[in-house]
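Report on one structure; see the data block that follows.
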Amino acid sequence: MNYAIRRIGQTLPVAALVTVLIFLLIKLLPGDPAAAILGDRASDAAIRALRTKWGLDRPLLEQYAVYMRNLVTGDLGLSLRYQTPVADLLPRRVTVTLFLVVYSMALSLLIAVPLALLAAIHRDRWPDQLVRGLIALPLASPAFWVGILLLIVFALKLRWFPAAGYGEGFLGHLRHLFLPALTLSYAFAAILARNLRSSLIDVQATTYVDFARAKGLAQRAVLFHHVLRAALLPIVTLIGVRLSFAIGGSVVIETVFALPGLGSWMVESIMARDYMVVQTLTLTFALGAMLINLTTDLIYPLLDPRVRME
Amino acid sequence: MVTLAQDVLVAAPIRDRLHPGLVTGGLMLLLLVAAAVLAPVLTPYDAEAQDLDIMIQAPSLRHPFGTDNYGRDVLTRVLYGAAIDLRIGALAVVFPFVFGSLVGAMAGYYGGWVDTVVMRTVDVITAVPFLVLVIAIVAFLGPGEVNIFIAIGAVDWVTYSRLVRGEVLREKNLEYVAAARALGFRRWRIILGHILPNAVPPAFIFLASDVIVVILTTASLGFLGLGVRPPAPEWGLMISEGREFLSSGWWIATMPGFACMYAGITFILLGDGLADLLRVRGQ
């Protein structure tokens with residue numbers, strides 16, 4: 001419990017500073033931010049109104065206070081493109097991205113666990129070499145390009161999966177998001193497999209595994225009940241870290257597969273110079289990533305009795 | 001860095017100097033640099049001139065990677081693109097490496113409020129997913145090569161800081177540092193001349209994989225229309241331009257990706273090889 005409170009206590013100040021960082025992004029706009037946000041055709045009166053609304057004519061600290069007050073009261077700004085409050089559009093978009101990210105995590109595990117087992121069992125023989133070679137490829141190739149390859153082969157040539165969109169209903173989502181989730185999981189599965197492989201090898205060398213073998217347990221029982229369970233533990237933290245990477249990757253992947261999620265919305269908004277939306281989405285991504293990291297850190301002691309004892 | 005490399009090469013036994021991964025990676029890098037530099041000699045075509053008579057032609061002997069929708073030779077553009085992506089990859093990591101290492105060394109050596117300020121900043125920047133923050137910064141600054149450097153410079157130094165700080169914390173209590181202090185050396189001389197050379201190898205190894213991250217990020221930005229501007233043959237931009245022709249001309253989008261993958265494997269081999277060499281030296 002103390003651990004949980006301490007961990008949350010560490011996260012909150014960082015989250016507060018993240019809002020400062022993202023608030024300052026708007027200062028990167030060349031020239032007058034209000035004019036840049038409203039575009040070339042905006043009237044002087046509109047620009048003046050926006051400046052007053054955000055307090056852009058006030059000192060920086062006061063501007064930040066206004067920004068935070070708006071955030072806390074749920075006023076996330078207006079999408080100039082859709083002429084709708086960002087807060088109204090956000091939930092639907094979040095759902096798509098969340099579905100995609102969780103789906104890709106599940107696929108990563110499905111890919112990585114068998115590969116890692118194969119490599120660890122045949123350590124330093126050819127299956128191991130092959131898996132280790134395969135693992136290098138995803139780290140070297142751009143994810144959006146892998147997505148395009150999958151799109152060409154499985155959507156355009158073989159027509160097994162749709163090329164774009166989110167689909168209807170849970171099964172529809174599963175089918176529509178399969179290729180994007182696979183794309184997103186591709187690099188993650190590689191990192192997962194690599195870490196799980198060394199984790200499996202470490203666990204196999206521990207005395208309690210020797211003991212389980214000495215008890216006369218079948219090789220398979222030892223592997224699945226003792227080794228794999230323990231080896232997956234350190235992976236939980238890794239999942240937290242990599243999830244935040246996956247969130248970043250979703251920006252590009254959603255664009256490739258035309259998915260109506262947060263990432264494609266961010267790209268659309270950049271193109272439309274809808275800066276308030278870009279700012280709000282950056283914050284959403286950041287807080288989402290922090291929340292995921294915090295959650296995995298809080299779950300970890302529940303899974304590992306050794307940490308719980310401390 | 002030359003001294004570090006020399007140090008490594010002298011210290012490692014000959015067998016390890018001929019590390020197979022490092023040799024392969026080195027040769028692949030040589031080939032990549034040669035492709036980038038010699039592109040004008042290697043190909044008879046122009047990277048940007050259009051020839052609408054030969055639009056979207058499949059790979060053939062005349063055009064091994066085919067032609068794109070403007071009738072430009074894709075292989076030519078991939079070769080010229082090597083110069084762009086490699087240049088950005090190599091240059092964009094310089095500032096993060098130097099600045100991050102220095103700041104990390106200061107944080108580790110001085111401790112106290114310097115450490116707190118540096119590490120909180122690192123925490124805040126790390127909290128935002130890398131690609132999201134880079135995209136956001138470029139979104140506000142506007143597209144273009146210079147703004148890629150600024151965005152990556154602002155975000156990427158944190159990893160180096162963290163790596164070097166950790167090493168400095170370990171090194172600063174060792175005897176040779178105490179000796180340097182006893183000799184009355186100034187702090188800067190101790191940090192730069194004594195601790196940093198010993199603390200920087202992990203950051204140096206990370207440099208190789210970071211070049212991949214930067215090249216992939218540059219390609220992602222190009223793909224999203226936020227990077228290098230057309231008609232420049234940047235790989236990510238080329239992949240993006242080929243997206244409209246996936247059914248009629250799959251080669252337009254796929255070929256630049258293979259180039260990107262080749263560059264990635266090159267730096268993975270170099271990074272792993274360097275890591276092995278430095279581990280040998282460390283033992």
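The values are calculated or read from the model by the stated rules, or taken from the named source; none is laboratory data. Note that the structure is predicted; figures quoted are calculated from it, not measured. Note that each Cβ is placed from the backbone with ideal geometry, even for glycine, and that neighbours are counted across all protein chains shown.
Here is how the numbers come out for the structure above:
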read-out	value
Filter result (part of a helix (DSSP H, G or I) and of a type in the set (Lys, Arg)) within the stretch A:1-48	A:6, A:7, A:27, A:48
Which numbered condition residue A:196 misses (of (1) in contact (Cβ under 8 Å) with a residue 12 or more places away in the chain; (2) within 14 Å of chain B (Cβ to nearest Cβ); (3) not polar (S, T, N, Q))	(2)
Every residue from the stretch A:70-100 that is over 17 Å from the mean Cα position of the chain (by Cα), part of a helix (DSSP H, G or I) and among the aliphatic types (A, V, I, L, M)	A:71, A:72, A:86, A:87, A:89
Test for residue A:70: is it surrounded by 12 or more Cβ atoms within 10 Å (Cβ to Cβ) and polar (S, T, N, Q)	yes
Residue that is farthest from residue B:133 (Cα to Cα) [pool: residues in the stretch A:1-49 that are exposed (fewer than 10 other Cβ atoms within 10 Å of the Cβ) and within 14 Å of chain B (Cβ to nearest Cβ)]	A:9
Subset of the stretch B:229-240 [within 24 Å of residue B:137 (Cβ to Cβ) and either within 11 Å of chain A (Cβ to nearest Cβ) or surrounded by 23 or more Cβ atoms within 10 Å (Cβ to Cβ) (or both)]	B:234, B:235, B:236, B:237, B:238, B:239, B:240
Sole residue being within 14 Å of chain A (Cβ to nearest Cβ), within 14 Å of the chain's Cα centre (by Cα) and part of a helix (DSSP H, G or I), chosen from B:98, B:146, B:155	B:155
Given (1) farther than 30 Å from residue A:199 by Cβ; (2) of a type in the set (A, V, I, L, M, F, W, C); (3) free of Cβ contacts under 8 Å to residues at least 40 places away in the same chain; (4) more than 14 Å from chain B (Cβ to nearest Cβ), index of the condition residue A:267 fails	(4)
Helices (runs of 4 or more DSSP H) lying entirely in the stretch A:101-180 (those with 3 or more residues that are at pLDDT below 85)	A:126-140, A:169-176
Selected residue (criterion: surrounded by the most Cβ atoms within 10 Å (Cβ to Cβ)) from residues of the stretch A:270-303 that are more than 9 Å from chain B (Cβ to nearest Cβ) and without any contact (Cβ under 8 Å) to a residue 24 or more places away in the chain	A:291
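Yes or no, residue by residue, for (1) closer than 24 Å to residue B:90 by Cα; (2) more than 10 Å from chain A (Cβ to nearest Cβ):
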site	(1), (2)
B:244	no, yes
B:248	no, yes
B:254	yes, no
B:257	yes, no
B:264	yes, no
B:268	yes, no
B:273	yes, yes
B:278	yes, yes
